[in-house]
Each structure stands twice: as C-alpha cells, then as structure tokens.
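We did not get these values from a lab; they are worked out from the coordinates using the rules stated. Quick caveat: nothing in here was measured; it's all calculated off a predicted structure. All Cβ positions, even for glycine, are placed from backbone atoms using ideal geometry, and neighbour counts span all protein chains on display.
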Amino acid sequence: MATVGILGGTGPAGRGVALRLASAGYEVAIGSRDAERAYEIASRLEPRGTGKVHGVSNLDAAKCEIVIIATPWESTLETLQPLAGELADKILVSMVNAMQKEGREMRPIFPAAGSCAQEIAALLPNARVVTAFNHLPAGQMEDLDSGLDADVILCGADNESMAEVAEMVSAMPGLHAIEAGSLALAGTIEAFTSVCISVNIRNKAHSYVKLEGLSH
Ligand SMILES: NC(=O)c1ccc[n+]([C@@H]2O[C@H](COP(=O)([O-])OP(=O)(O)OC[C@H]3O[C@@H](n4cnc5c(N)ncnc54)[C@H](OP(=O)(O)O)[C@@H]3O)[C@@H](O)[C@H]2O)c1
C-alpha cells in the first residue's frame, strides 16, 4: 500500500482524512510547519485497523508516495512552492477550498486560474493533481462512529491518477469515490463547498454530499 503524506495535516480536515486512511490500512504522515506539533497531534489519533498515523514536518510528508494538501487556500501555494522537487511526478490530492465568511454565509472565492486545483497545477506542472475530500465535514470524518456515508467527487489532471485516488478513497470507511472529470470542473466542486457549509450553518446541521442514481 502506498504511503500518504498530508501537508498541513494537523488541522481538522487533514486529521479526519488521516484517521480514515489509516483505518483503511495506509501508513499516513501528517505534516506541519512544526514537526513536534504534528507528532503530538498524530499521537492522539486512534485509527482502527492496521494503518498508522505519524507526525512529521511538511518536508517529510512530501516524501510520501501520495501527497495531500490540506492547508487554508491563503497559504497553499507558499506551502507547496518549496516542495516542488519532492512533488514532481507524484499524485498531489488537493482538498483545498477558497472561501470567505460574509455574515452567516460562506462565499466562494474564484482564483484566477478557475480553481485552487488549477492554480496548484500551474505552480507544479510536473505533479499529477487530483481534487478530493472538498465537501467532507471534518468533525464527522474524525469521528469513526459518526455513521458518515458520503460520496467524494474527484477531478483529475489525468484519468490514471484520478482512478488511483478513487481506489484509495473508496477503501476508506464511510466514503465512496465518484470520478467526475478534468480539473476544468474543480472550480465548481470547490465553490459548492461554500453552499454545503452555508446550508449547515443555516440548518444547524452536519450534512454531506451523496449523489443518487449511481451504482457503487
Ligand atoms: N474543515 C473541514 O471540514 C474541511 C473539509 C474539506 C476540505 N477542507 C479544506 O481543507 C483545508 C484545510 O482545512 P482546515 O479546516 O483543516 O484548516 P486549518 O485548520 O485552518 O489549517 C490546516 C493546517 O494548515 C496549516 N496552516 C495554517 N495556516 C498556515 C500558514 N499560514 N502557512 C502554512 N501552513 C498553515 C496548519 O498546520 P501547522 O500549523 O501544523 O503547520 C493547520 O493546522 C482548507 O482549504 C479547507 O477549505 C476543510
């Protein structure tokens, strides 16, 4: 099984993905600007199954075979730039969304290239960028007893990378991967996260995305 590194993996989004990946048997390294902090947070995660979560620096997380970026959009490109050498030719999964709060609503921000994922692909032309996990509520991801049963919509720079990520996602408890298409679709996927969060704020809920009419 591939090793998976998560850049900015100490936040709620990265922790939830790490826990469920490890519960599917993956060796996961959550990365941080501060390896001590990552070590401390990793030691508190309790995956079920044979996988493990380690805490490391972002540089060491970038050395894994598959890498996930889980930082706020505002710091994504500056986090990735110094790691370009490590990330060349690797699958780089972006779960990054760009948004800002306006009153009780989250509003999407559209980066110039159309999406965070396309900005990342432009910065790292040798990485194989795939988007995933954008809509998942971190609290339920981190609670293995939450009953989460969510679809994860994927967009990819190429079909082979997207299929590899789909296999990884569908192995994770409570998740089903759905391959959507190219990175040209990523902007709408990322922006829809603002709708999901706004629905949850308005309804005091923790809903997630599930598409009907597909056979899993
Ligand atoms: N939260 C969710 O439910 C959820 C669900 C799906 C997708 N997402 C997306 O996933 C990403 C992360 O979400 P999150 O809620 O986990 O965010 P977060 O807690 O604000 O940040 C995640 C990690 O990024 C690192 N970071 C923060 N500011 C940074 C900076 N200026 N420079 C470099 N690293 C920095 C921090 O790690 P260190 O301090 O340890 O370096 C932090 O723990 C976002 O793009 C979000 O839209 C979130």
Handout entry: Mean residue ellipticity (222 nm) of the chain, computed from DSSP H runs ≥ 4 via -39,500 (n - 2.57), nearest 500
Key = -10000 deg cm²/dmol
Completion exercise
Partner lysines whose C-alpha sits under 20 Å from that of residue 52, ignoring same-chain residues fewer than 8 away, are 63
Fill in the blank from the handout: Length gained, residue 37-residue 74, 0.36 nm per residue minus C-alpha separation, equals 11.2 nm
Fill in the blank from the handout: Charge tally for neighbours of residue 199 with beta carbon under 14 Å away, counting Lys, Arg as +1 and Asp, Glu as -1, is +4
Problem - Within a Gaussian network of the chain (alpha carbon springs, distance under 10 Å), most fluctuating of 201, 109, 66 - result: 201
Exercise for the section: Return the distance in nm (one decimal) between the two label points of a simple spin-label model at residue 59 and residue 188, each offset 7 Å from Cα along Cα→Cβ. Expected result: 4.2 nm
Exercise for the section: Find how much the distance from residue 112 to residue 81 grows on full extension, using 0.36 nm per residue of separation minus their present alpha carbon separation; answer in nm with one decimal. Expected result: 9.4 nm
Fill in the blank from the handout: Ranked on Cβ counts within 10 Å of their own Cβ, fewest leading, 57, 23, 215 go 215, 57, 23
Exercise for the section: Output the Cα-based Rg and Dmax of the chain in Å, rounding Rg to one decimal and Dmax to a whole number. Expected result: 15.8, 46
Practice task
Mind telling me which of 106, 162, 95 comes out most flexible in a GNM of the chain, alpha-carbon contacts under 10 Å?
Solution key: 106
Handout entry: Distance cut-off 19 Å, percentage of C-alpha pairs in region 1-84 lying past it
Key = 26 percent
Fill in the blank from the handout: For the chain, the helices passing both cut-offs (Cα extent along own axis of 20 Å or more, Kyte-Doolittle mean at least -1.0, full DSSP H runs) are 186-203
Exercise for the section: Go ahead and set up a Gaussian network model of the chain, Cα springs under 10 Å, then flag whichever of 108, 82, 47 fluctuates most. Expected result: 82
Fill in the blank from the handout: The answer for trypsin sites (Lys or Arg not before Pro) in region 61-167 that fall in a DSSP coil and have at most 12 neighbouring Cβ atoms within 10 Å is 104
Completion exercise
For residue 204, the aspartates and glutamates lying under 14 Å Cα to Cα, once residues fewer than eight places off in the same chain are dropped, come out as 105
Handout entry: Partners for residue 210 among lysines (Cα-Cα distance below 26 Å; same-chain residues under 8 apart left out)
Key = 101
Practice task
Can you tell me which of 68-74, 120-126, 181-187, 13-19 comes out highest on packing, and rank the rest after it, using the mean Cβ neighbours within 10 Å?
Solution key: 13-19, 68-74, 181-187, 120-126
